[in-house]
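The values are calculated or read from the model by the stated rules, or taken from the named source; none is laboratory data. Computed from a prediction, not measured in an experiment: that's the story for all the values here. FYI the Cβ positions are ideal-geometry reconstructions off the backbone, even for glycines, and counts take in every protein chain you see. Just so you know, the surface numbers come from the protein's heavy atoms only, side chains and all, with ligands and any DNA or RNA stripped out. Shrake-Rupley method; radii C 1.70, N 1.55, O 1.52, S 1.80 Å.
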Amino acid sequence: MAVEQLNAPVRPCSGVSPSVRPSGVIRVRHRHTERFTVVGNHLAQHRELSLVAIGLGLHIQSLPEGAKIGIKDLVRRFPEGEVTVARALRELESYGYLSRTRERTAGNRWVTRTVVYDMPPDLTPPVPTRQPVPVRQPVPTRQPVPVPTPPAGVTAVRMPLPLPVPVPAPAPPVLPGPGHPEPSDPTRHRAASELLAGLRSYDPRLLLSEQAIRRLAPAVCAWLERGVEPVAVQRALADGLPADPLRHPAGLIGHRLAASLPPPLPEREAPPRLDPIQNCERCERAFRAVEPGLCGSCASPGEDAGAPVGEDGGVAHGGAGVRVSHLRTLLRGGSGGRRRSGTAP
């Protein structure tokens, strides 16, 4: 009893290999040679069908051709009731594993025709069609060209082949850059470049490269030349952008600049030019004329004088200028300019 048994097992053997996982199902495989059915995992592991429908579908696929699978026949075979079997058949029919149609026989009897599918038509892959193999046409053989033989006494001389003329490679396109001359209006071109660079403040997706800004700046200058304010140009280019990511913002800006270019403003007629105001050298009355001189009242008939100016800045007409000149003469001379005191007779 005191002797230690070192060969005694620590725990009883279960007969399972130690390499098998300790949890989950353990399969003992057996290769069937008779009485077996091949069933697809799309039915055996269906995610939507119930357990009763999957089991009924496996049973129906294992039956031979012409077996009866009516509801009453299945109720007599299995312990489930008619309601459960009918529900399972409807599930299989809804997922395309069987189809049932009503047909009338020659004896005017109605029967149910059931068709079982090993794989639903929706899951059946299309059968690839074989493409016709093109027939190769025989390649015509080139006949050797006979080489003329020189006559007797004549030595054949081989002429050297002409050297190939090198074709110059096309010059790469010249892009506008810092080393190129400035445009005709540097101030407007600089304002257009700053406008395009500032579009990313409206929308971060409108981030343009320097090359794109140099290419689009002349189109923006065309907008500015037609009297459009820079703020209005930015709004026309940045408003109403699509919600999707912009893959080519420079192309979108270029399209809007070309498609939405406003027409130039109509030319306004210049206002009529007025002659400067002059003072008459004799009566000191204001009038409009090109050169200083006498007004129309003081000028002699042979002299050229300007038109007198009225109280509202316009040209006076008629005898109003004469009356004003006469009143000024009376006030300067003092005759009749002061009323006597006393009562009238």
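Of everything in segment 47-66, what is surrounded by 11 or more Cβ atoms within 10 Å (Cβ to Cβ), part of a loop (DSSP other than H, G, I, E, B) and either touching an Asp or Glu at 6+ places or on another chain (Cβ under 9 Å) or at positive phi (or both)? Give them in sequence order.
Of all residues in segment 47-66, those surrounded by 11 or more Cβ atoms within 10 Å (Cβ to Cβ) come to 49-50, 52-63.
This time we only want the ones that are part of a loop (DSSP other than H, G, I, E, B), so: 49-50, 63.
Across segment 47-66, the qualifying residues are L49, S50.
I'd like the residue in segment 175-198 that is acidic (D, E) and modelled with pLDDT of 75 or more and, out of all such residues, is least open to solvent (accessible area, probe 1.4 Å).
So the residue we want is D185.
For segment 26-46, what are the residues that are surrounded by fewer than 10 Cβ atoms within 10 Å (Cβ to Cβ) and closer than 22 Å to E80 by Cα?
Correct list: Q45 only.
Could you check, for segment 107-129, whether at least one of its residues is over 30 Å from V52 (Cα atoms), open to solvent by less than 100 Å² (accessible area, probe 1.4 Å), over 60 Å from the mean Cα position of the chain (by Cα) and modelled with pLDDT under 85?
yes
Of the conditions (1) open to solvent by 80 Å² or more (accessible area, probe 1.4 Å); (2) at pLDDT 90 or above, P218 satisfies every one except a single condition; which number is it?
(1)
With the structure loaded, tell me whether E4 is at pLDDT 85 or above, out of contact with any strand residue (DSSP E or B) (no Cβ under 6 Å at 6 or more places or on another chain) and open to solvent by 60 Å² or more (accessible area, probe 1.4 Å) or whether it fails that test. Give the steps one after another, and end with the answer.
Working: at pLDDT 85 or above: no; out of contact with any strand residue (DSSP E or B) (no Cβ under 6 Å at 6 or more places or on another chain): yes; open to solvent by 60 Å² or more (accessible area, probe 1.4 Å): yes.
Criteria not met by E4.
Within segment 85-117, can you find the residues that are in contact with a Phe, Trp or Tyr (Cβ under 9 Å, 6 or more places away or on another chain), under 17 Å from I71 (Cβ atoms) and of a type outside the set (D, E, K, R)?
Answer for segment 85-117, where residues must be in contact with a Phe, Trp or Tyr (Cβ under 9 Å, 6 or more places away or on another chain), under 17 Å from I71 (Cβ atoms) and of a type outside the set (D, E, K, R): V85, Y97, L98, S99, V116.
Limited to segment 186-204, what total is found for residues that are touching a helix residue (DSSP H, G or I) at 6+ places or on another chain (Cβ under 8 Å), of a type in the set (S, T, Y) and over 14 Å from A232 (Cα atoms)?
The initial filter retains those residues of segment 186-204 that are touching a helix residue (DSSP H, G or I) at 6+ places or on another chain (Cβ under 8 Å), namely 188-189, 191-193, 195-199, 202-203.
Filter once more, keeping what is of a type in the set (S, T, Y): 193, 202.
Applying the additional criterion that residues be over 14 Å from A232 (Cα atoms) yields 193.
Number satisfying all stated conditions: 1.
Out of all the residues in segment 99-116, is one or more aromatic (F, W, Y) and under 18 Å from L56 (Cα atoms)?
The initial filter retains those residues of segment 99-116 that are aromatic (F, W, Y), namely 110.
Okay, now just the ones that are also under 18 Å from L56 (Cα atoms), so none.
No, segment 99-116 contains no residue that is aromatic (F, W, Y) and under 18 Å from L56 (Cα atoms).
Could we say that C221 is part of a helix (DSSP H, G or I) and touching a Lys or Arg at 6+ places or on another chain (Cβ under 6 Å) here?
So C221 passes the test.
Could you tell me whether T101 is outside any loop (DSSP other than H, G, I, E, B), modelled with pLDDT under 85 and open to solvent by less than 80 Å² (accessible area, probe 1.4 Å)? Walk me through it before giving the result.
On the way: outside any loop (DSSP other than H, G, I, E, B): yes; modelled with pLDDT under 85: no; open to solvent by less than 80 Å² (accessible area, probe 1.4 Å): yes.
Here the answer is no, as T101 does not meet what is asked.
Counting only residues that are open to solvent by less than 70 Å² (accessible area, probe 1.4 Å) and of a type in the set (S, T, Y), how many does segment 72-98 have?
Total satisfying the criteria: 2.
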